[in-house]
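Novice: Take a look at the following structure, please.
We did not get these values from a lab; they are worked out from the coordinates using the rules stated. The model shown is predicted, which means the values in this text are computed figures rather than measured ones. Counting neighbours? That spans all protein chains shown, and the Cβs are built from the backbone with ideal geometry, glycine included.
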Amino acid sequence: MPETLKVLVVEDSKATRELLASALQALAGLEVVTVVSGFEALKVLPRHRFALIITDINMPDINGLELINFVKKNPHYKDTPLFVVTTEGRTQDRERGLQLGASEYVIKPFEPPALVELVKKHLKL
Amino acid sequence: MTERRPVAEFVAEATEIVEGLSRELLGLDERRGEEPDPERLNAIFRAAHSLKGLASLFGHDRIARLAHVLEDALDALRLGKVAADDALIDAFIDGVDVLSGLLAMASRGETDGPAAERALALAQHIETLVAPAPEKPPALHELGVDKAVLNVLTEYEEHRLRENVKKGVALYMVRAVFSLEDFDQKLTALNAALKPLAEVVSTLPSAQASDEARIAFDLLVACRQPAADLEAVIRPFGATHALLSASVAPRPSAPVPVPVTAGPTAEVSLKSLSQTVRVDIARLDRLMAAVGDLLLTRTNIKRFAEGARAAGGGLHPMWAQELSREARALERKLDDLQKGILEVRMVPLGQVFDRLARLVRRLLRESGKEIDFEISGGDVELDKLIVEELSDPLMHLLRNAIDHGIEAPDKRASKGKPRRGRIRLRAANSGNHVVIEVGDDGAGMDDDRIRDEAVSRGLLTTKKAADLQRTDLLNLVFLPGFSTRRQVSELSGRGVGLDVVKTNLGRLSGLIDIVSERGQGTTFVLTLPLTLAIIRALVVQSAGRTYAVPMSSVLEIVAVRPSELRTVEHRQMLSVRGQTVPFVRLSQLFKLPETPVDLHYVVLVGLAQHRLGIAVDHLLGQQDVVTKPLSARLRDVPGLAGATDLGDRRAVLVLDVPALVSEIVRPQASP
Amino acid sequence: MSTFEQLIDQFLYRPDEPGLPSLQWLADAPRPESTGVEAPQEFLAFSLTDETYAVPIATVREIVKVPVITEVPRAPKELLGVMNLRGEVLPVYDVRARLLLAGGVQPITGPGDVPAQARIVLVKSESGDAGIITDGVEGVVRLLPSLTEPPPPGGTEKPFLAGLSRRGERLYILLDVEKVLE
């Protein structure tokens with residue numbers, strides 16, 4: 001039996017977090033681990049094997065770019081695809097995010113099914 | 001509102017300060033070329049500082065601004081960041097001249113004059129003298145900051161870095177290694193310790209996996225204090241630091257000649273003058289509506305710009321890029337503008353509390369009851385429009401408390417309570433809302449009397465009344481025409497019932513709840529949004545129609561399969577983490593064509609302690625919107641707070657969450 | 001059309017552009033010969049199904065092409081919905097049912113559903129300005145008060161009428177704006 005794929009959602013907005021989690025669970029059958037900050041993400045990363053990471057940019061402790069940098073330069077996680085989902089449409093942040101290795105940069109508001117499709121595409125589901 | 005004190009008082013005090021400033025400056029002028037006496041500099045700095053405070057207190061913005069610029073310049077001088085060269089001293093002496101001119105204008109009640117123009121020019125001149133030349137922003141990579149660190153800075157962090165560099169603050173890279181278990185607490189503590197002397201611009205978790213149980217962080221720190229102080233703070237954390245760039249004293253640019261016109265001679269008169277402006281709230285509304293329209297234009301331009309870039313053909317790439325850049329600039333300015341207008345609209349509740357206090361004290365004298373009246377939270381700020389509309393409902397509740405709530409002193413004594421009753425009016429911020437409480441320590445509401453009254457008025461059957469829980473029973477007092485008081489009092493017998501209070505609050509998107517214990521007292525709890533002018537809305541779709549839900553009342557969004565719903569007493573219920581919440585499909589509520597779905601997107605809304613799950617077909621995202629009122633003709637249509645435009649020039653209806661919550665969660669008063 | 005052209009089109013398309021730019025031409029129009037006896041009054045004439053109705057020109061604020069109208073749930077059935085006119089939210093009514101005309105209340109949800117001639121006559125009113133959807137605007141007519149008669153007795157539509165007026169062969173039914181929108 002194939003193991004259920006796990007997705008890490010890093011997002012400080014409760015509504016968005018739940019929305020992402022519900023959409024990923026309901027529409028793609030993924031197991032979702034949600035955390036509210038970059039710090040929490042750093043804590044849970046070693047405890048699971050994530051197939052995908054979705055992160056916000058503006059968070060209270062470390063920002064999403066710092067998290068991408070950490071993930072993409074770390075030998076354990078560097079191959080995990082990473083999406084940014086953020087309200088910040090600032091081009092510079094976007095360019096930096098993609099440069100640092102994010103696979104997709106999604107600006108809120110987004111249509112959950114469309115995002116799930118994008119996720120499926122990357123996970124080849 | 002704070003009353004403006006007489007202008008003469010201001011002019012007198014300000015003149016004294018300016019005279020002192022002038023005396024000290026002359027001392028500085030006589031010793032040009034020498035190292036200025038720190039004490040003298042400090043004295044001048046303090047004078048400019050006091051003048052700034054005084055002028056802004058009295059609303060003399062021009063004087064305040066010039067004093068502010070002088071203060072900043074003197075501060076830089078005081079801290080040795082700029083040199084006391086001739087250009088700067090000349091500018092200071094001009095400053096005294098202009099300030100005298102402005103004071104003379106103020107005393108004559110004039111708003112325009114040569115001094116005003118000079119003030120502006122001079123302020124700019126002084127700013128350029130002390131500011132680093134703006135045409136050469138510091139290149140960040142030359143500061144020794146690692147490219148890898150620069151790459152992970154958000155635009156804001158980069159801005160903070162630049163600001164610090166601009167101010168000549170030294171940059172350090174602090175490295176700290178913590179255990180994976182408690183690094184967040186440690187980092188929070190380190191941040192707190194650094195705060196008094198430094199700004200942490202960025203916290204970068206190091207990607208090099210040194211060992212499994214530990215994690216290293218590189219903190220980019222701008223430290224205003226000597227390195228030894230930094231060292232002392234970080235040592236207990238086992239952290240090390242490296243200097244990236246030392247503090248730099250920005251060099252003053254070449255002096256720019258300032259046009260000097262003869263200052264007008266001071267002529268003191270006592271005409272009042274103020275530079276604060278009273279503005280009709282309707283004008284601010286129009287301004288806000290204009291900003292709302294601009295937000296839409298911005299959305300369109302953004303879409304246009306993005307589309308133009310993506311489409312490629314048709315438009316030169318340079319143009320597309322330029323358009324994107326301008327669109328971003330527009331967006332930032334609009335944010336500022338929007339924030340500015342919202343700030344202007346915000347006034348402290350104290351304005352209405354003070355008025356209420358006067359009235360309450362009069363009523364207390366008339367009532368013959370012994371009551372202490374306590375007010376707190378007058379500094380809590382709300383939209384002016386809401387504050388104004390609150391005075392009537394609050395007055396009504398206070399009258400109620402004085403008249404019905406607090407018992408007569410003898411009766412209180414017989415119940416073992418202190419003879420003096422107590423009425424409290426309190427306000428506090430609570431997230432996106434303001435909570436106002438009107439409470440008394442009186443007799444509390446009488447269930448039996450409410451029940452009898454409701455039955456005798458035919459609002460409820462005896463059986464249904466007997467089944468009602470206390471909270472639901474209490475809420476019956478908000479029904480039109482409900483009054484448990486048999487004797488009409490001089491004080492509150494105005495024919496205005498609690499139903500009107502509730503309706504008025506509803507119009508402000510607010511909610512009212514009652515907490516009442518028999519013998520202990522009654523508290524009315526009002527939950528209000530901070531502003532109605534511009535709101536963040538969740539855009540949803542149901543049966544093909546688009547609606548906006550104010551985010552201020554959205555708690556969370558959950559996806560639920562129809563099979564997970566339960567039916568309790570003909571009502572559909574939803575379970576959210578063990579809590580049972582009433583559920584309604586928006587399409588069903590609004591009598592729209594319903595189609596079966598595999599998954600409900602449920603917008604869980606909440607106000608005060610009430611929860612409601614509103615199911616919609618699609619979530620389209622979030623947007624800042626300006627809600628426009630529906631026509632007075634549609635006042636009786638329930639559940640709608642207004643309409644807005646999401647950028648496509650259609651009218652999109654905004655749901656009235658408090659009304660929907662009341663409609664569905666509250667008991668229906670039907671026999 | 002390229003994506004880019006579509007974008008420009010969307011950007012420039014203004015569904016709320018008024019059909020008739022303003023009523024200013026009226027003021028500038030040459031006055032008819034004075035009858036010497038009485039001054040004619042000016043009305044805006046429009047058609048609803050097969051009849052021609054008229055309202056005093058002073059009560060007309062604007063005439064607009066039919067924009068996208070947003071239906072208002074749980075509103076009375078006469079209310080077609082609300083429209084967004086340059087940022088103002090205005091109710092739009094279909095009064096045909098009240099006037100017992102065939103055609104009645106048809107679901108109109110957008111510019112595509114309405115005939116090209118249809119216009120919304122935006123009237124000023126005490127209880128809030130409102131739009132009335134019409135099958136077409138005929139123009140301004142000058143009617144003599146002396147040729148205006150009270151509405152015929154009987155008929156459920158009577159309370160909504162201010163009278164009947166003739167001009168040559170044409171019969172104009174004068175609408176009481178306040179009452180028909182009540």
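Novice: Could you name the aspartates and glutamates whose alpha carbon sits less than 15 Å from that of A:K14, not counting residues in the same chain fewer than 8 places away?
Specialist: Those aspartates and glutamates meeting the cut-off are A:E40, A:D56, B:E556.
Novice: Beyond 26 Å between alpha-carbons counts as too far, so tell me which of A:K78/B:K302; B:K591/B:K628; B:K81/B:K186; B:K339/B:K502; B:K302/B:K628; A:K73/A:K120 fall in that bin.
Specialist: Beyond 26 Å between Cα atoms: A:K78/B:K302; B:K81/B:K186; B:K339/B:K502.
Novice: State the extension gain, in nm to one decimal, for the chain segment bounded by B:R365 and B:E110, taking 0.36 nm per residue of separation less the distance between their alpha-carbons.
Specialist: Length difference between fully extended and current span is 87.2 nm.
Novice: May I ask for the angle, rounded to the nearest 10°, between helix B:7-30 and the longest principal axis of chain B, with both axes built from Cα atoms and the value confined to 0 to 90°?
Specialist: Helix B:7-30 and the main axis of chain B meet at about 30 degrees.
Novice: Summing -39500 (n - 2.57) over the DSSP H runs of n ≥ 4 in the protein assembly as shown and dividing by its residue number, what mean residue ellipticity at 222 nm do you reach, to the nearest 500 deg cm²/dmol?
Specialist: Computed mean residue ellipticity for the protein assembly as shown: -11500 deg cm²/dmol.
Novice: In debye, nearest 20, what is the charge dipole magnitude of the protein assembly as shown about its Cα centre with +1 on Lys and Arg Cβ and -1 on Asp and Glu Cβ, if you could check?
Specialist: My answer is approximately 2220 debye.
Novice: Efficiency by 1/(1 + (r/R0)^6): what FRET value for B:R358 and B:D336, r their Cβ-Cβ distance, R0 = 35 Å, to the nearest 0.05?
Specialist: The computed FRET efficiency comes out at 0.40.
Novice: If you don't mind, another one. Counting only the backbone N, which residues of the stretch B:522-555 are under 12 Å from the spot 7 Å out from the Cα of B:N432 toward its beta-carbon?
Specialist: B:529-532, B:534-539, B:549-555
Novice: Could you check the spin-label model distance between B:L26 and C:A116? Points 7 Å from the Cα along Cα→Cβ, value in nm.
Specialist: Going from the B:L26 label point to the C:A116 one covers 8.6 nm.
Novice: Then there is this: State, to one decimal in nm, how far the label point of B:K411 lies from the label point of B:V344, with both points 7 Å from Cα in the Cβ direction.
Specialist: 5.1 nm
Novice: What's the magnitude of the charge dipole for chain A around its Cα centre, counting Lys and Arg as +1 and Asp and Glu as -1 at the beta-carbon? Answer in Debye, nearest 20.
Specialist: Its charge dipole is roughly 340 debye.
Novice: Among the aspartates and glutamates, which fall within straight-line cross-link reach of B:K463, defined as a Cα-Cα distance under 19 Å, with same-chain neighbours fewer than 8 residues apart omitted?
Specialist: Candidates past the 8-residue exclusion: B:D446, B:D447, B:D448, B:D452, B:E453, B:D472, B:E569.
Novice: With θ set to phi - 60° and the Karplus curve 6.51 cos²θ - 1.76 cosθ + 1.60, what are the ³J(HN,Hα) couplings of the stretch A:52-69 in order, to the nearest whole Hz, using x for Gly and Pro?
Specialist: Once θ is set to phi - 60°, the couplings for the stretch A:52-69 become 7, 10, 10, 10, 7, 9, 8, 9, x, 9, 9, 8, x, 5, 5, 5, 4, 4 Hz.
Novice: Would you mind computing, in nm to one decimal, how far apart the modelled labels at B:T595 and B:N151 are, each placed 7 Å from Cα along Cα→Cβ?
Specialist: 4.7 nm
Novice: Further question on the same structure: Would you kindly calculate the translational diffusion coefficient of chain B, applying Stokes-Einstein with the Kirkwood radius from alpha carbon pairs, for 20 °C and a viscosity of 1.002 mPa s, and quote it in µm² s⁻¹ without decimals?
Specialist: 70 µm²/s
Novice: Let me know the shape class of chain A, please: from the alpha-carbon gyration tensor, a ≥ b ≥ c as square roots of the eigenvalues, rounded when a/c is under 1.5, otherwise prolate if a/b is greater than b/c, or oblate.
Specialist: The shape class here is rounded.
Novice: Could you point to the residue in B:S414, B:V438, B:A401 farthest towards the positive end of the stretch B:325-446's charge dipole, with +1 and -1 charges on the Cβ of Lys/Arg and Asp/Glu respectively?
Specialist: B:S414
Novice: Share of Cα-Cα pairs in the protein assembly as shown beyond 54 Å, in percent?
Specialist: Result: 33 percent of Cα pairs exceed 54 Å.
Novice: Let me ask another. Can you tell me the relative contact order of chain B? Whole percent, Cα pairs under 8 Å, sequence separation 6 or more.
Specialist: 9 percent
Novice: State to the nearest 20 debye the size of the charge dipole of the stretch B:556-671 about its Cα centre, where the only charges are +1 on K and R beta carbons and -1 on D and E beta carbons.
Specialist: Dipole about the Cα centre, nearest 20: 220 debye.
Novice: Additional query: Between 0 and 90 degrees, rounded to the nearest ten: what's the tilt of helix B:183-194 against the longest Cα principal axis of chain B?
Specialist: The helix B:183-194 is inclined about 50 degrees to chain B.
Novice: Stretch C:E78-C:L100 to full length: gain in nm at 0.36 nm per residue minus the Cα-Cα span?
Specialist: 6.7 nm
Novice: Just add up the charged neighbours of C:S127: K/R +1, D/E -1, any other residue whose Cβ is under 15 Å from the Cβ of C:S127.
Specialist: Every neighbour counted, the sum reads -2.
Novice: Now for a different question. Only residues of the stretch B:216-239 count here: report those whose backbone N is under 19 Å from the spot 7 Å along Cα→Cβ of B:Q185, or say none.
Specialist: B:216-217, B:236-239
Novice: Viscosity 0.692 mPa s, temperature 37 °C: what is the translational diffusion coefficient of the stretch B:140-192 from Stokes-Einstein with a Kirkwood Rh over Cα pairs, rounded to a whole number of µm²/s?
Specialist: In µm²/s, the coefficient rounds to 255.
Novice: Let me ask you something else. Scan the stretch C:128-180 for GluC sites (Glu not before Pro) in coil per DSSP, keeping those whose Cβ has at most 10 other Cβ atoms within 10 Å, and list them by number.
Specialist: C:E169
Novice: Follow-up. Over chain A, what relative contact order in percent results from Cα pairs under 8 Å that are six or more residues apart?
Specialist: Here the relative contact order equals 23 percent.
Novice: Using alpha carbons only, how many degrees (0 to 90, rounded to 10) separate the axis of helix B:281-311 from the longest principal axis of chain B?
Specialist: So the helix axis and the longest Cα principal axis differ by about 70 degrees.
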